[in-house]
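Student: First, the structure itself, so that you have it in front of you.
The values are calculated or read from the model by the stated rules, or taken from the named source; none is laboratory data. Since the structure is predicted, the reported quantities are computational estimates derived from the model, not experimental observations. Cβ placement follows ideal geometry from the backbone for every residue including glycine, while neighbour counts extend to all protein chains displayed.
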Ligand code: DHE
């Protein structure tokens, strides 16, 4: 399979898209790199964190040591957790950015650090000084800060979890039948990220039925196997369990499973439906299995350990995506920094069995193929997709996508006219879409290979989506530096995809941002999500917190605008999760 040479602008984008900084030779002033804010991936920098509120002491030094005052140290820690930890790790051992431990930073010295923070590097380290994101004084302070031992945020174990755990409505006090007239299967749980809330929107009437307080910088929603309970996780690792049967759907249980987290899931294997919930931590690096009915914390497992290939210890391997196997009582837990996929057997928590699969570093997001047997997950900083057979709990393939920083969300499954069943991912770092053959029985020649790679609208894509009842593949370009592109979506007609790799399928551009009719700000369009029947596609038009956002609904058949949802309560809408599609892993 040959990949087409990309036009120059893509190469520029791909270079810039090496999302996380490497400590290469400092860039001297005259070679000032492109403003990092232009890089699509830079806009995706981890920045929402509650770690910054942690009170810290200067480790190993007397207070007010000449290097920096206690106040400076506190402030530098806050800046580090908000702007740097996502790439360099909380303990500065490196993640997708290089390690910044004192042995390395002291060897490089203050001037080197100051220059590097000021100018950044073409490899993706933001130019915090010249971009104006940091004052000269802050850059100076951060350079001094990196010479000191990093403060370690506190652990968060069972006592802390139990202290945060609340059962607001006990299972025995909950309704025994649905008490509202909602079409639950067609409800959308919408992340209102900067408000720390979710909105429950009726998929038929587009009415906002409830707005519910959840965790800080709320991230994703997942649905229990029964379709009754909605699990929502905030970046502050707060999990809220919402009962959709109550007359007024609301939170029935809540718990904080750590200090930072991104993923939550529930047990879906037959006989274990709604039995367990699981959430994965960025800090502390651990996953927690909870009672699926009350969120009582039952089992905490640290993910600290050795990197799969270098076999050296990593103190903070973060838990990225988590999915539920449909073939075994197993959770699929993806550990970013060690590159390991853990198949966690929840059938006996007291004698927990885990299959540890060596995959690839910096695992991030992923989803199942159309048979729900194979799990595809992006090791995004290494441009790979790991394929796991959830029936055999084995790695089936490791595929180079040929693009920069694959970012599938859960990906998109469809039957290609030539290659048969495929799973698709778009890329953060360039404008390509890659298709992976997923049918080892009927299309063996194409299985677990990139069968096609073609251009969509532009780099900075975060999500791609289709539906079994749709003939269209939707690709966003949320983090593209071009305002018009980031407010539009590419739509491919699956039936018109061919078998000649030299011929790119055509796409239609939908001006979603324009359809939203939002006069100010620079709203970005993020994450297509289908309604339950697969007849409509919803897009978030994501504007700044203090500006108007919207949700735009498109008719999947005609690709015409169907409805625009606007409401002052819709603050920074991002992820949307249709109950039925999320419950049944339909995408
Ligand atoms: Fe997400 C999924 C991590 C920034 C919207 N995001 C995920 C998953 C992980 C993750 C590990 C997979 C969860 C799963 O399937 O169990 N996201 C991170 C980050 O570390 C990162 C890069 C930076 C951060 O500080 O959090 C990050 N994510 C974002 C955003 O800025 C987005 C665009 C807007 C927002 O709401 O924060 C965003 N992430 C999403 C969405 C999903 C997601 C909508 C779920 C996609 C799906 O279809 O399941």
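Student: Considering only residues of segment 449-471 that are buried (at least 24 other Cβ atoms within 10 Å of the Cβ) and in a strand (DSSP E or B), which is nearest to the ligand (Cβ to nearest atom)?
Tutor: Applying the filter and picking the extreme gives 465.
Student: Looking at segment 571-587, which of its residues are away from the ligand (no atom under 13 Å from the Cβ) and assigned to a loop (DSSP other than H, G, I, E, B)?
Tutor: Taking segment 571-587 first, the residues away from the ligand (no atom under 13 Å from the Cβ) are 579-580, 584.
Once the filter is applied, which keeps residues that are away from the ligand (no atom under 13 Å from the Cβ) and assigned to a loop (DSSP other than H, G, I, E, B), segment 571-587 yields only 584.
Student: Of the conditions (1) over 30 Å from residue 271 (Cβ atoms); (2) surrounded by fewer than 16 Cβ atoms within 10 Å (Cβ to Cβ); (3) at pLDDT 95 or above, residue 179 clears all except one; give me its number.
Tutor: Failing condition for residue 179: (1).
Student: Just to be sure I understand the filter: pairs with C-beta atoms under 6 Å, separated by 6 or more residues or on different chains, first member in segment 355-382 and under 22 Å from residue 304 (Cβ atoms), second member more than 16 Å from the ligand (Cβ to nearest atom) and assigned to a loop (DSSP other than H, G, I, E, B). Which pairs pass?
Tutor: Hits for this filter: 355/393; 358/308.
Student: Take the residues of segment 209-223 that are buried (at least 24 other Cβ atoms within 10 Å of the Cβ) and either in a loop (DSSP other than H, G, I, E, B) or at pLDDT below 95 (or both): which is nearest to the ligand (Cβ to nearest atom)?
Tutor: Here the answer is 218.
Student: Might you let me know whether segment 511-527 holds any residue that is surrounded by fewer than 23 Cβ atoms within 10 Å (Cβ to Cβ), in contact (Cβ under 8 Å) with a residue 60 or more places away in the chain and either away from the ligand (no atom under 16 Å from the Cβ) or more than 28 Å from residue 573 (Cα to Cα) (or both)?
Tutor: No, segment 511-527 contains no residue that is surrounded by fewer than 23 Cβ atoms within 10 Å (Cβ to Cβ), in contact (Cβ under 8 Å) with a residue 60 or more places away in the chain and either away from the ligand (no atom under 16 Å from the Cβ) or more than 28 Å from residue 573 (Cα to Cα) (or both).
Student: With the structure loaded, tell me whether residue 316 is farther than 21 Å from residue 271 by Cβ and surrounded by fewer than 17 Cβ atoms within 10 Å (Cβ to Cβ) or whether it fails that test.
Tutor: Working: farther than 21 Å from residue 271 by Cβ: yes; surrounded by fewer than 17 Cβ atoms within 10 Å (Cβ to Cβ): no.
In short, no.
Student: Additional query: Taking the stated definitions as given, is residue 413 more than 21 Å from residue 263 (Cα to Cα) and within 16 Å of the ligand (Cβ to nearest atom)? Write out each step before concluding.
Tutor: Working: more than 21 Å from residue 263 (Cα to Cα): yes; within 16 Å of the ligand (Cβ to nearest atom): yes.
So residue 413 fits the description; yes.
Student: Okay, moving on. Take residue 446 and tell me if it is at pLDDT 95 or above and crowded, with 20+ Cβ neighbours inside 10 Å. Give the steps one after another, and end with the answer.
Tutor: Values: at pLDDT 95 or above: yes; crowded, with 20+ Cβ neighbours inside 10 Å: yes.
Taking the combined requirement at face value, the residue satisfies it.
Student: Could you tell me whether any residue of segment 543-550 is surrounded by 21 or more Cβ atoms within 10 Å (Cβ to Cβ), within 13 Å of the ligand (Cβ to nearest atom) and assigned to a strand (DSSP E or B)? Give the derivation first.
Tutor: The first filter runs over segment 543-550 and keeps only residues surrounded by 21 or more Cβ atoms within 10 Å (Cβ to Cβ), leaving 543, 549-550.
Within this subset, residues satisfying the condition of being within 13 Å of the ligand (Cβ to nearest atom) are 543, 549.
Next, only the ones that are assigned to a strand (DSSP E or B) stay: none.
Checked against the condition, which is being surrounded by 21 or more Cβ atoms within 10 Å (Cβ to Cβ), within 13 Å of the ligand (Cβ to nearest atom) and assigned to a strand (DSSP E or B), segment 543-550 yields no hits at all.
Student: Could you tell me whether segment 386-395 includes any residue that is within 16 Å of the ligand (Cβ to nearest atom), in contact with a strand residue (DSSP E or B) (Cβ under 7 Å, 6 or more places away or on another chain) and free of Cβ contacts under 8 Å to residues at least 60 places away in the same chain?
Tutor: Yes, the conditions are met somewhere in segment 386-395.
This table checks each residue for (1) more than 17 Å from residue 219 (Cα to Cα); (2) away from the ligand (no atom under 16 Å from the Cβ); (3) in a loop (DSSP other than H, G, I, E, B).
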| position | (1), (2), (3) |
| --- | --- |
| 503 | yes, yes, yes |
| 509 | yes, yes, no |
| 540 | no, no, no |
| 564 | yes, yes, no |
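Student: Follow-up question, since we're still on this one. Limited to segment 485-501, what total is found for residues that are exposed (fewer than 15 other Cβ atoms within 10 Å of the Cβ) and not in a strand (DSSP E or B)?
Tutor: Going through segment 485-501, the residues exposed (fewer than 15 other Cβ atoms within 10 Å of the Cβ) turn out to be 493, 495-496, 498-500.
If we keep only those that are not in a strand (DSSP E or B) too, we end up with 495-496, 498-500.
So the answer is 5.
Student: What number of residues in segment 224-236 are away from the ligand (no atom under 15 Å from the Cβ) and not in a strand (DSSP E or B)?
Tutor: First pass over segment 224-236, keeping only residues away from the ligand (no atom under 15 Å from the Cβ): 225-229.
Subset that is not in a strand (DSSP E or B): 225-228.
Qualifying residue count, segment 224-236: 4.
Student: What are the residues in segment 336-385 that are under 25 Å from residue 298 (Cβ atoms) and at pLDDT below 95, if any?
Tutor: Within segment 336-385, the subset under 25 Å from residue 298 (Cβ atoms) is 336, 338, 340-357, 363, 375.
If the condition is that a residue be under 25 Å from residue 298 (Cβ atoms) and at pLDDT below 95, then no residue fits.
Student: Among the residues of segment 399-423, what is the count of those that are part of a strand (DSSP E or B) and either touching a residue at least 60 places away in the same chain (Cβ under 8 Å) or buried (at least 24 other Cβ atoms within 10 Å of the Cβ) (or both)?
Tutor: Of the residues in that region, 8 qualify.
Student: Taking helices (runs of 4 or more DSSP H) that fall entirely within segment 1-112, which contain at least 3 residues that are modelled with pLDDT under 75 and surrounded by 18 or more Cβ atoms within 10 Å (Cβ to Cβ)? Explain how you work it out, then say what you get.
Tutor: On the way: elements: 8-16, 70-79, 85-88, 102-108.
Once the helices (runs of 4 or more DSSP H) in segment 1-112 are filtered for at least 3 residues that are modelled with pLDDT under 75 and surrounded by 18 or more Cβ atoms within 10 Å (Cβ to Cβ), what remains is 8-16.
Student: Could you pull out the residue among 288, 239, 252 that is surrounded by fewer than 24 Cβ atoms within 10 Å (Cβ to Cβ) and either more than 16 Å from the ligand (Cβ to nearest atom) or part of a strand (DSSP E or B) (or both)?
Tutor: Values: 288 fails: surrounded by fewer than 24 Cβ atoms within 10 Å (Cβ to Cβ); 239 fails: surrounded by fewer than 24 Cβ atoms within 10 Å (Cβ to Cβ).
Just a single option satisfies the conditions, and that option is 252.
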